[in-house]
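This report concerns only the one structure given below.
The values are calculated or read from the model by the stated rules, or taken from the named source; none is laboratory data. Since the model is a prediction, treat every value here as computed from it, not as a measurement. Cβ: placed from backbone, ideal geometry, glycine included. Neighbour counts: every protein chain shown. To get the accessible areas, we keep the full protein, side chains included, count just its heavy atoms, and leave off ligands, DNA and RNA. Shrake-Rupley method; radii C 1.70, N 1.55, O 1.52, S 1.80 Å.
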Amino acid sequence: MMESLNPQQLRAVRHRDGPLLILAGAGTGKTRVITERLARLLREGVQARNLLAVTFTNKAAAEMRDRLIGLADRSFRPRDVILSTFHSLAVRLLRADASRVGFTSGFLICDQGEQMAAVRKAMSTIRSGTQPAADKVLARIGALKNRGISPGAFARSAADDEEMILAAVYRRYQETLQRQNFLDFDDLLLQAMRLLRENPDVLDRWRDRFRYLMIDEFQDANQAQFDLMRLLASPRDNLCVVGDDDQSIYAWRGAAAGNILRFRESYPEAVEVTLEQNYRSTSTILSAANAVIRINPGRREKNLWSDLGRGRPLRLLAANDQFEEAEWIARKIRDRMSEEGRKARFSDFAVIIRANAQSRPLEDAFLAARTPFEVIGGQSLFDRKEARDVLAFLALALNPLADGPLRRILGVPPRGIGEKTQDALAAGAVSEGTHLFQLLAWPERAPGVGGAEAAACRRFAAEIRSWGERLRRDGVNGLGKAILEETGYQEEIRNLYRDPLEAASRWNEALETGESLAAFAARIPGARPEETLAPFLDEAARAGPPARGEGRARD
């Protein structure tokens with residue numbers, strides 16, 4: 001395998017100790033270089049548990065692991081290498097020592113709805129003139145976390161009244177999450193950094209564990225992610241980063257392509273390797289791409305080339321808008337169908353889009369052209385209402401003090417706790433600075449709650465406690481289905497969806513969510529129930545609705 005590498009790839013693979021920067025243009029075989037380098041380190045005697053490779057997607061991590069297994073021989077066990085996303089790495093660090101930063105190991109990762117509820121609660125306690133939209137406040141808090149800025153640090157640097165108010169909301173938001181044993185996605189990196197910086201013994205333990213570290217897609221790393229890896233890599237500084245500043249597309253999320261330019265500043269002694277031979281495209285395509293990106297400011301110079309020949313010439317369509325583009329696509333498909341005659345079928349054609357919102361003009365154009373089409377894709381299982389309800393039930397079995405999941409299913413299915421009572425319980429919890437569950441168990445403390453509704457609240461609190469007892473006694477297998485049956489959730493679905501087929505489909509989705517927990521548990525045999533359910537909820541949260549427009553493809 002090593003013999004088939006080109007000289008630049010070989011140089012990167014053979015590098016062992018010290019910092020290494022690999023500038024990898026598109027299609028230059030960077031994933032192969034990463035896995036070959038990991039395999040070489042293992043063959044040279046480095047223990048698998050001492051290797052850490054971090055990338056941005058679970059899919060990329062899985063592909064890397066599959067390739068590494070393909071390179072394995074009897075001298076090493078690649079399954080012990082940690083191939084992870086940044087957020088999964090942060091969860092791993094925090095699960096081991098969550099109490100050091102004020103959380104328990106059963107902490108939950110909140111979804112966007114729970115984040116919005118916490119922000120609105122924080123904003124309601126701050127008196128100011130004009131209140132900005134909650135989603136904009138949440139976006140600004142996320143940006144601060146991506147830069148590694150805590151509420152206290154931001155308050156100390158606030159330049160005006162607006163920033164002082166934001167700092168106060170940020171602090172209250174964090175207090176709300178901590179009371180519920182919640183972390184949001186941006187918190188994972190911030191709290192992991194806090195854990196390591198404030199606890200030298202924890203930092204030393206992980207530094208001793210991870211002796212060779214690699215970052216894939218380095219151009220998309222934000223400051224907090226870079227800082228975390230630099231902290232873990234020190235003092236050995238065996239940090240290898242692989243990236244391409246020409247491919248950075250996540251600046252809106254805090255990514256800093258300038259990290260590539262600053263890597264030299266952080267590690268002036270770093271070895272630098274540039275991969276320029278492209279194995280994917282013809283020289284005609286690469287010449288055009290080079291011409292476009294050459295004028296980008298603040299980039300490292302590289303010139304992609306290929307030995308695949310010139311290939312066919314490029315064609316350029318300059319459409320005025322997305323509707324003209326869609327009409328052109330529909331027309332080209334019709335023209336090709338006419339040219340090919342019986343040889344072609346509509347199912348031979350595919351239009352690949354980057355975002356769901358782009359499908360509407362294409363659908364309209366295909367309808368106008370009487371072209372049959374099928375939209376493939378859509379929501380993941382964990383995006384759907386029924387799945388999110390089941391996840392809320394399971395989250396309460398793990399942690400009844402989680403206000404977000406409890407508020408979600410307080411009236412789902414209906415159990416004699418009306419909306420006014422729900423609002424009274426929520427308001428009482430805010431005024432007393434306690435958890436919603438505490439008011440649910442002792443509802444008389446909430447103004448205006450009594451009689452039959454108070455009794456319904458106490459019954460539901462007891463029911464939630466029983467879920468936790470069942471989890472600890474019987475484990476996770478069958479837990480979801482048991483809760484659904486106890487709560488009468490199937491009857492709720494039948495009442496919501498009068499179409500029997502739709503109701504059956506929704507019920508199956510709810511059951512499937514519970515079954516996915518059992519499948520997840522099979523991957524970590526021997527773990528305690530809490531140790532199984534918590535990471536399952538983490539994974540489900542990462543697969544759920546994107547926060548602030550962020551696609552879950554990147555974690």
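Details
- Residues satisfying the stated conditions in the stretch 92-123, i.e. in contact with a strand residue (DSSP E or B) (Cβ under 9 Å, 6 or more places away or on another chain), open to solvent by 30 Å² or more (accessible area, probe 1.4 Å) and touching a residue at least 40 places away in the same chain (Cβ under 8 Å): 114
- Residue satisfying condition, being among the hydroxyl-bearing types (Ser, Thr, Tyr), more than 23 Å from residue 8 (Cα to Cα) and at pLDDT below 85, within set 338, 359, 347: 359
- Entirely in the stretch 418-535, the helices (runs of 4 or more DSSP H) that have 2 or more residues that are polar (S, T, N, Q): 419-432, 489-496, 500-523
- Condition met for residue 230 (touching a residue at least 12 places away in the same chain (Cβ under 8 Å), among the basic types (Lys, Arg), in a helix (DSSP H, G or I) and closer than 16 Å to residue 18 by Cβ): yes
- Selected residue [open to solvent by 10 Å² or more (accessible area, probe 1.4 Å), under 27 Å from residue 122 (Cα atoms) and free of Cβ contacts under 8 Å to residues at least 60 places away in the same chain] from 447, 443: 447
- If you go through the stretch 48-75 and keep only what is modelled with pLDDT under 90, part of a helix (DSSP H, G or I) and either farther than 21 Å from residue 218 by Cβ or in contact with a Phe, Trp or Tyr (Cβ under 7 Å, 6 or more places away or on another chain) (or both), you end up with 66, 69, 70.
- Selection over the stretch 24-47 of residues that are open to solvent by 10 Å² or more (accessible area, probe 1.4 Å) and either touching a Phe, Trp or Tyr at 6+ places or on another chain (Cβ under 7 Å) or assigned to a loop (DSSP other than H, G, I, E, B) (or both) gives a count of 8.
- Failed item in (1) at pLDDT 95 or above; (2) open to solvent by less than 20 Å² (accessible area, probe 1.4 Å), with residue 198 passing the rest: (2)
- In the stretch 200-229, residue nearest to residue 13 (Cα to Cα) [restricted to those that are of a type in the set (Asp, Glu) and in contact with a Ser or Thr (Cβ under 8 Å, 6 or more places away or on another chain)]: 216
- Taking every residue in the stretch 306-322 that is more than 19 Å from residue 358 (Cβ to Cβ) and among the polar types (S, T, N, Q) and pairing it with any residue that is outside any loop (DSSP other than H, G, I, E, B) and open to solvent by less than 90 Å² (accessible area, probe 1.4 Å), at least 6 positions away or on another chain, the pairs with Cβ-Cβ distances below 6 Å are 306/283; 306/286.
- Residue in the stretch 68-75 that is buried (at least 21 other Cβ atoms within 10 Å of the Cβ), under 15 Å from the mean Cα position of the chain (by Cα) and of a type outside the set (Lys, Arg) present: no
- Among the conditions (1) farther than 18 Å from residue 224 by Cα; (2) touching a Phe, Trp or Tyr at 6+ places or on another chain (Cβ under 8 Å); (3) of a type outside the set (Gly, Ala, Ser), residue 154 misses just one, which is (1).
- For residue 131, the requirement of being open to solvent by 30 Å² or more (accessible area, probe 1.4 Å), assigned to a loop (DSSP other than H, G, I, E, B) and either within 22 Å of residue 404 (Cβ to Cβ) or of a type in the set (Phe, Trp, Tyr) (or both) is met.
- Condition check for residue 336: open to solvent by 80 Å² or more (accessible area, probe 1.4 Å) and part of a helix (DSSP H, G or I): yes
- Boolean, residue 12 is in contact (Cβ under 8 Å) with a residue 60 or more places away in the chain, small (Gly, Ala, Ser), within 21 Å of residue 535 (Cα to Cα) and part of a helix (DSSP H, G or I): no
- Pairs where the first residue, in the stretch 271-291, is under 13 Å from residue 7 (Cα atoms) and open to solvent by 30 Å² or more (accessible area, probe 1.4 Å) and the second is of a type in the set (Lys, Arg) and not in a helix (DSSP H, G or I), C-beta under 9 Å, 6+ apart: 274/300; 274/302; 276/302
- Residues of the stretch 513-530 classified as surrounded by fewer than 17 Cβ atoms within 10 Å (Cβ to Cβ) and touching a residue at least 24 places away in the same chain (Cβ under 8 Å), total: 1
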